[in-house]
Amino acid sequence: MESIFLPYKGESSEKRPELKLFWWRSLTFFILYLIATIVFFNLRNYHISILQWFVTAVLKIALLIISVYHFSLGMMFKKLQYKIADDALEISLFPFDLKIPFSEIEEVKEASGETEIKRVYGYNKEVPQLIHYVGQIGMFKVSGIWKVFMYTTLGSLKNPAGLIIIKRKDGRNYGVSPASPQEFVKLIQEKIEIVTNKNGVVA
């Protein structure tokens, strides 16, 4: 039987813009891309240098990439949920799902005490209206644990509520943020025990 856990929605005191912010950002950059495309084709009627042509082409590509990036983030957070099946934890994303077999999980626990999250690459400061207040998708460092792949909707990078760390036997780590963290951890631990006992009987 499959159990589905929705992501942590945050508390009322947290600054969490709606997902439509991503759609607006994506649309804005796409419109800028179209404008740049029109300008690019009009420039062909003028004598411009190779450098000017190159800069315009790079600007077009950059605007399109940023537009697709924000659209993809919006889709990821819209689809994000955690499914506990009989044999694995499935993290629903866009355009794919991540599957973590229970037989490969070494430990699952809720983060407690002083917890600080930092990006392995990129900007770490918490600024209103940036991605940190909506969620975290990508590689982070969590209180000394290097390279934690986060698929969370935490409202803060310091002492966040509801962060679950999943450690695999191969050394990879994952972070999730279900709305009911204690129930989530308990159910996964039960599944791990069932799979372990089953494999022991088979062996």
*Return the only residue of ILE91, ILE61, ILE66 being exposed (fewer than 14 other Cβ atoms within 10 Å of the Cβ), out of contact with any Pro (no Cβ under 8 Å at 6 or more places or on another chain) and not assigned by TED's automatic domain parsing to the domain that holds PRO160.*
ILE61
_Scope region 169-193; condition hydroxyl-bearing (Ser, Thr, Tyr) and in a loop (DSSP other than H, G, I, E, B); matching residues_ = SER177, SER180
_Residues of region 1-33 classified as farther than 30 Å from GLU190 by Cβ and at pLDDT below 80, total_ = 10
_If I filter region 140-171 down to residues being exposed (fewer than 14 other Cβ atoms within 10 Å of the Cβ) and at pLDDT 85 or above, which single residue comes out as nearest to GLY74 (Cα to Cα)?_
LYS147
_Every pair of residues 6+ apart whose Cβ atoms lie under 6 Å, when the first sits in region 178-189 and is within 17 Å of THR152 (Cα to Cα) while the second is part of a helix (DSSP H, G or I) and aromatic (Phe, Trp, Tyr)_ = PRO178/PHE184
*asked:* ILE105 - would you say it is over 22 Å from ALA161 (Cβ atoms), in contact with a Leu (Cβ under 9 Å, 6 or more places away or on another chain) and not polar (S, T, N, Q)?
replied: yes
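The values are calculated or read from the model by the stated rules, or taken from the named source; none is laboratory data. No experiment lies behind these values; they were computed from the predicted model shown. In this analysis, Cβ positions are derived from the backbone assuming ideal geometry, glycine residues included, and neighbour counts consider all displayed protein chains.
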